[in-house]
Amino acid sequence: MATMERPVYKEWSPWPAWIQVVFWGAMVASMVAVATSPGMNPAARMRTLLLLAGILALTQWVVAGLTVRLYRDHLEVCLGTARLIKKRVPYEDIEKIESVKYHPLKEFGGWGVRFSGNKRAWTARGDQAVVLHLFDGVQVYVGSDKPQRLEERIRAIAGTRIGSTGKD
């Protein structure tokens, strides 16, 4: 079910610039190759260019950056604008939170949506995150360029619900 209420706070972390350069470079190179390929039927050329443009738009829509939204009763972290790849965490499921500096490559093998034992990472770049320690033992790393600010906002919105109840 989609959340219809407006978020109280929203934070977006784009992918690093080098990833954008590689992605856009590959797409432009592909489009130039199609546009300049000799002997290609003009209709087929146009279809292929439109297909590549569609892939570009779809990729940006589905996985462009990481967005964290804080609502009155939960937080939501998702990749892209489409909100197809997301995680919802009710505040009462959080035992404690902390801002950390961590090692994404060593701990998770990189950035993105990652799993390692009881640890989950939702990150787009950098080595800073807010860790949500859930009552079920899972730790959710939420990447942020300003983790202390994100932690403060979560605490301000969630209030006493963090650490107050455990699910048996």
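Can Val22 be described as over 17 Å from the mean Cα position of the chain (by Cα) and surrounded by 13 or more Cβ atoms within 10 Å (Cβ to Cβ)?
No, not satisfied.
Please find, among Thr160, Thr81, Thr59, the residue that is polar (S, T, N, Q), closer than 21 Å to Arg6 by Cβ and exposed (fewer than 15 other Cβ atoms within 10 Å of the Cβ).
Thr81
Working only within region 131-168, note down all residues that are in a strand (DSSP E or B) and within 11 Å of Lys96 (Cβ to Cβ).
Listed by number, the residues that qualify are Val131, Leu132, His133, Leu134, Gln139.
Residues Arg83, Arg161: which one is at pLDDT below 95, out of contact with any Ser or Thr (no Cβ under 6 Å at 6 or more places or on another chain), more than 19 Å from Trp15 (Cβ to Cβ) and charged (D, E, K, R)?
Going through Arg83, Arg161 in turn, the sole match is Arg161.
For the condition in contact with a Gly (Cβ under 9 Å, 6 or more places away or on another chain) and on the phi > 0 side of the Ramachandran plot, what is the one hit in Gly117, Gly39, Gly126, Gly110?
Gly126
Do we find that Glu95 is in contact (Cβ under 8 Å) with a residue 12 or more places away in the chain, in a strand (DSSP E or B) and surrounded by 12 or more Cβ atoms within 10 Å (Cβ to Cβ) in this structure?
Taking the combined requirement at face value, the residue satisfies it.
The values are calculated or read from the model by the stated rules, or taken from the named source; none is laboratory data. This is a predicted model, so every value here is computed, not measured. Using ideal geometry, Cβ is built from the backbone for each residue, glycine included, and neighbour counts are taken over all protein chains shown.
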